[in-house]
Amino acid sequence: MHPLQALAEAEKLISVFPGWSDAEPETDYMWFDAPLEIGGVTEPGFVLHGGCLRYQPERHVVFEVRVSRTLGRRCVPLMRICWRSLKGGHTNPRREGAEFCGVRLGSTHFHTFDQNWHAEGGRMRAGNLRMAWPIEQEPQSFTELRELVGKRFRINNIDVVTVPNWEYRLDL
Amino acid sequence: MVVLASKSKSVAEAAEAAAAELVSVRRAGGSSFINLPILYPDGSFVTLKLDQAAKGIRVSDNGFAYRELEAIGAGRSFAKTAMSVAESLDLQADRRSVYVDVPEEQLVRAICDVGIASWQIADRVYSRAAEEDEAEIEDYLRDRLTKVFGSKLKAPDQNKIKGASTSEWEVSAIVEQNGKRTVFHAVSNHANSVFRTSAAFHDLLALQERAPNVIAVVRSKSALGSKFGILAQAGKVIEEEQPDEVYLKAAA
C-alpha cells in the first residue's frame with residue numbers, strides 16, 4: 001500500500017489540539033493545524049487543518065487532512081470536508097464516467113481520498129482535491145459536523161476540537 | 001419542425017437557467033459574497049467579499065486564493081505573485097488577499113478585475129508547482145542516465161541543442177553514442193510541460209538526417225491521460241522507473 005493511502009486509511013488520533021488561532025487581520029480566517037498520530041506515533045508533517053471565518057458563525061467551515069512531503073514545505077491535501085461554504089458549492093471536472101462529474105454540488109461536500117487518488121500514478125490527482133461527493137444529510141451544527149469529520153477521517157478523538165470563537169454581526 | 005421548435009425552446013430554457021446560476025450573491029455576517037463563474041484548483045467558485053469602505057466599496061478575494069496556495073504549502077508564494085498580478089490590473093494586495101476600493105459606478109469592472117486576479121494568482125502558483133514536479137523527475141533522470149550511460153552522458157552545461165528553426169532548446173540530458181545524439185527530457189503531467197516538450201521534439205526532428213533520438217521521460221504514461229498522445233506523436237516515451245534495458249533500447 002502506498003504511504004499516502006496508509007495515512008488516509010489509518011485510525012488516527014489528534015496528538016494535541018493547539019486551539020483556534022486569532023483571526024487573521026486581512027481575511028478574518030481562524031485556523032488550527034493539529035498533529036495526527038497513528039498507533040501512538042505522531043507522523044511528521046501529518047495534520048488535521050481546520051478553518052473558518054470570524055464573522056461567519058455556523059457556516060464556511062473546512063476540515064482537511066494534509067501531509068507535508070518535506071517538513072515545512074510542499075503539502076499534499078488528502079481529504080477535505082466543506083460545510084456551508086460561501087464559495088458557491090463545488091463542481092467536479094467533466095470526466096466521462098466519474099460520478100457527479102460536471103455537476104454543481106451544494107455548499108456542504110466531501111472531497112474523499114479515493115476520488116482524488118490516482119492509483120496507477122501512485123499520487124494524488126492534479127489540483128487541490130478537485131473531486132468531491134455531496135453530503136446528503138447536512139450537519140445542523142458544528143458539533144454534528146465535528147462528529148461527521150471524526151467518522152469520515154477516522155479520527156477517534158475529534159471532540160477535542162473546540163467550537164470556534166465566532167463573533168456575530170448583523171446583516172444590515 | 002415541431003421537434004426543432006421544442007428543442008430550441010428547451011435549449012433556451014437551459015441557457016437561461018445556467019446563466020442565472022453562473023453568478024450568485026448572498027449576504028452573510030455583515031458582508032456580501034459574490035460567486036463568479038471561474039474555478040479555483042479545488043473546484044470551488046472564485047468568490048469575492050464586498051464591504052463598505054472609506055472610499056466607496058471594498059472588493060476583496062478575502063484570502064480565498066491564498067487558501068488554495070496554503071493547502072499545498074505554497075502560501076509564501078502568494079505575496080510576490082499577488083503583487084505582480086495586482087499591479088497589472090491596478091489593484092492592491094496584502095499578505096493574504098487582493099482587493100480594491102472603488103466608487104459604486106466602477107463596481108462591475110472592479111468585481112471582474114479582482115475575480116480574474118484571484119484566479120490568476122492561484123493558477124500561476126499551481127502551474128509553477130507542476131514545474132517543480134518536472135525538476136524532481138529531472139533530478140532522478142540525471143542519476144539514472146549516469147548509471148546507464150556513464151561517460152556517454154554529456155555534462156549539464158551542454159544540455160542545449162538547436163532545432164531546424166534555429167531555436168535553441170534546453171533539455172534535461174543529452175547522450176552521445178556511436179556518433180548519434182539522444183535527447184532525454186523530463187516531462188510532468190502539466191499541459192505546459194507536455195506542449196513545450198512536443199514543440200521542442202518536433203523542431204529537433206525537423207533536422208531530418210541530423211535529427212537526434214528524442215525521448216520523453218514521464219512518471220506515469222497513464223497519468224498523462226489524453227496528453228500522452230501529444231507526446232507520443234513527437235517522440236519515444238518511457239517511464240522514469242522502467243529498467244535500464246528500456247533506457248538503452250530507447251536510445252539505440
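Roughly how many Å is it from the Cα centre of the stretch B:7-38 to that of the stretch A:97-172, as a whole number? Centre-to-centre (Cα) distance: 24 Å.
Directionally averaged projected area (the stretch B:1-154, Cα convex hull): 16.3 nm². Normalised by the residues of chain A, what does the relative contact order come to in percent, with Cα pairs under 8 Å and at least six apart? Dividing the mean separation by the residue count of chain A yields 20 percent. With a ≥ b ≥ c the root eigenvalues of the C-alpha gyration tensor of the stretch A:78-172, is it rounded (a/c under 1.5), prolate (a/b larger than b/c) or oblate? Verdict is oblate for the stretch A:78-172. Shape of chain A from the C-alpha gyration tensor: oblate (a/c of 1.5 or more and a/b not above b/c, with a ≥ b ≥ c the square roots of its eigenvalues).
A cut-off of 5 Å between modelled amide H atoms, ignoring neighbours fewer than 5 places along the same chain, links B:Ala53 with B:Arg58.
A Cβ-based charge dipole, computed about the Cα centre of the stretch B:62-211 with Lys and Arg at +1 and Asp and Glu at -1, lands at about 860 debye. With a cut-off of 14 Å on the backbone N, the residues of the stretch A:13-49 near the modelled label site 7 Å out from A:Ser68 along Cα-Cβ are A:33-36, A:43-49.
Residues A:Asp22, B:Asp133 in ascending order of nearby Cβ atoms (within 10 Å, fewest first): A:Asp22, B:Asp133. If you average the C-alpha positions of the stretch B:156-212 and of the stretch A:6-67 separately, how far apart do those two centres end up, in angstrom? With the stretch B:156-212 and the stretch A:6-67 each reduced to a Cα centre, they are spaced 45 Å. Charge tally for A:Trp20 (other residues, Cβ to Cβ under 14 Å; Lys, Arg +1; Asp, Glu -1): -3. Working from Cα pairs under 8 Å separated by at least six residues, relative contact order for chain B is 12 percent. Only the Cβ atoms of Lys and Arg (+1) and of Asp and Glu (-1) were treated as charged; on that basis the dipole of chain A about its Cα centre amounts to roughly 600 debye. When B:Thr166, A:Thr91, B:Thr81, A:Thr42 are sorted by how many other C-beta atoms sit within 10 angstrom of their C-beta, beginning with the fewest, the order is B:Thr166, A:Thr42, A:Thr91, B:Thr81. For a 29 Å ceiling on Cα separation, which of these pairs sit above it: A:Lys151/B:Lys80; B:Lys160/B:Lys227; B:Lys160/B:Lys236; A:Lys12/B:Lys80? Long pairs (Cα-Cα over 29 Å): A:Lys151/B:Lys80; A:Lys12/B:Lys80.
Quick note on the stretch B:103-223: its Rg to Rh ratio, both from C-alpha atoms and Rh being the Kirkwood radius, is 1.18.
Between B:Tyr40, B:Tyr66, B:Tyr140, where does the largest GNM mean-square fluctuation fall for chain B, given springs only between Cα atoms within less than 10 Å? Evaluated over chain B, the most mobile residue of the options is B:Tyr140. Put simply, the amide H of A:Leu78, placed in the peptide plane, has neighbours under 5 Å in A:Val65, A:Arg66, A:Val67, leaving out anything fewer than 5 places away on its chain. Classify the stretch B:50-91: rounded, prolate or oblate, from the alpha-carbon gyration tensor (a ≥ b ≥ c, eigenvalue square roots; a/c under 1.5 rounded; otherwise prolate if a/b is larger than b/c)? In terms of gyration-tensor shape, oblate. Considering only B:Val218, A:Thr91, B:Ile174, and ranking their Cα positions along the charge dipole of the protein assembly as shown that arises from unit charges at the beta-carbon of Lys, Arg, Asp and Glu, the one farthest toward the positive end is B:Ile174.
The B:Glu105 and A:Thr143 beta-carbon pair, evaluated with R₀ = 41 Å, returns a calculated FRET efficiency of approximately 0.35.
Summing Cβ point charges (Lys, Arg +1; Asp, Glu -1) relative to the Cα centre of the protein assembly as shown gives a dipole of roughly 860 debye.
Throughout, read-outs are computed from the coordinates displayed, never taken from laboratory work. Worth saying up front: this structure is predicted, and the values here are computed from it rather than measured. Note that each Cβ is placed from the backbone with ideal geometry, even for glycine, and that neighbours are counted across all protein chains shown.
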